[in-house]
1. Of the conditions (1) part of a helix (DSSP H, G or I); (2) closer than 27 Å to Ala101 by Cα, Leu134 fails just one. Which one is it?
2. Ala189 - would you say it is more than 30 Å from Leu65 (Cβ to Cβ), more than 16 Å from the ligand (Cβ to nearest atom) and of a type in the set (Gly, Ala, Ser)?
3. When region 41-91 is examined, which residues are found to be small (Gly, Ala, Ser), closer than 30 Å to Leu238 by Cβ and assigned to a loop (DSSP other than H, G, I, E, B)?
4. Can Ala144 be described as surrounded by 15 or more Cβ atoms within 10 Å (Cβ to Cβ) and either free of Cβ contacts under 8 Å to residues at least 60 places away in the same chain or within 15 Å of the ligand (Cβ to nearest atom) (or both)?
5. Mind checking which residues of region 30-43 are closer than 16 Å to Ala120 by Cβ and either modelled with pLDDT under 95 or away from the ligand (no atom under 16 Å from the Cβ) (or both)?
6. Suppose the filter is modelled with pLDDT under 95 and closer than 30 Å to Arg130 by Cα; does Gly10 pass it?
7. Please note which helices (runs of 4 or more DSSP H) are completely contained in region 153-232 and include at least 2 residues that are surrounded by fewer than 17 Cβ atoms within 10 Å (Cβ to Cβ).
8. Quick check on this structure: which one of Thr104, Thr126 is among the hydroxyl-bearing types (Ser, Thr, Tyr) and in the same structural domain as Pro91 (by TED's automatic domain parsing)?
Amino acid sequence: MTSDQTHTEGAAARSAAGAGDLRSLIEGARVVLWDFDGPVCRLFARHSAERVAKGMVDWLAGRGLSALLPEDERQWSDPHAVLRTVAERRPGSDLVTELEARLTAEERRAADSAWPTPYADPLIRTWTARGRRLAVATNNSPVAVRSYLASRGLDGCFAPHVYGRTRELHRLKPDPYCLDRALNATGAAASEALMIGDSPSDLEAAVRAGVPFLGCVHSPKKARLLRKSGATVVVDSLEPVLRIVRGQA
Ligand SMILES: [Mg+2]
């Protein structure tokens with residue numbers, strides 16, 4: 001794809017969002033729920049997710065447990081897919097606990113070298129200054145999330161509302177569990193909240209929780225995927241969101 005095509009599709013993503021739709025989503029939000037990897041930062045920017053997944057697959061192989069994973073190499077570039085698959089086949093086992101702990105350690109390491117999503121830091125600070133409550137609702141480890149937020153000086157904008165992966169692995173998104181926990185803890189009605197996410201599973205979780213959804217993606221491919229899944233408001237940058245929150249648009 002040429003850069004012109006990318007630019008054109010990016011512009012299309014912005015106009016498809018519709019300025020009015022975006023504004024009403026933002027202005028209706030008393031509580032903002034953030035997916036972490038994507039909207040807040042690029043977690044595996046320098047610590048490759050593929051390598052983490054391969055490490056988990058190799059660790060299972062070393063224990064003679066390769067048979068737990070179907071023989072489709074391609075899907076094992078996603079560490080969460082490895083964990084989910086093993087958790088489905090050995091629910092509640094020590095093996096799953098150990099595998100989850102290994103993934104948490106890798107995510108914690110990745111958090112040290114994650115790239116902030118452009119405009120996320122100032123948007124988080126501005127929204128907080130405007131009296132909105134913020135929460136993280138993610139499939140990543142809350143340990144990694146807190147570590148990243150502290151490194152950016154953003155922990156105070158969210159604390160204590162970080163809802164990440166728990167031992168109940170069957171309740172990862174698209175299950176709305178982490179969103180429901182955030183709503184309960186902040187005392188917000190679903191209709192007064194807004195979920196910012198970058199994947200169809202974020203959208204599904206938001207729909208199931210009854211929370212309005214704002215898609216924020218950095219590639220036309222992801223934007224297409226979200227819209228195909230039913231997202232109506234999708235932006236390719238947080239910049240227009242920040243401008244509205246600042247009252248500049
Ligand atoms: Mg994400």
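1. (1)
2. So Ala189 fits the description; yes.
3. Across region 41-91, the qualifying residues are Ala45, Ser48.
4. yes
5. Within region 30-43, none qualify.
6. Here the answer is yes, as Gly10 does meet what is asked.
7. 155-158, 177-186, 220-228
8. Thr104
The values are calculated or read from the model by the stated rules, or taken from the named source; none is laboratory data. Keep in mind the model is a prediction, meaning the values are calculated, not measured. Note: ideal-geometry Cβ built from the backbone for every residue, glycine included; neighbour counts use all protein chains shown.
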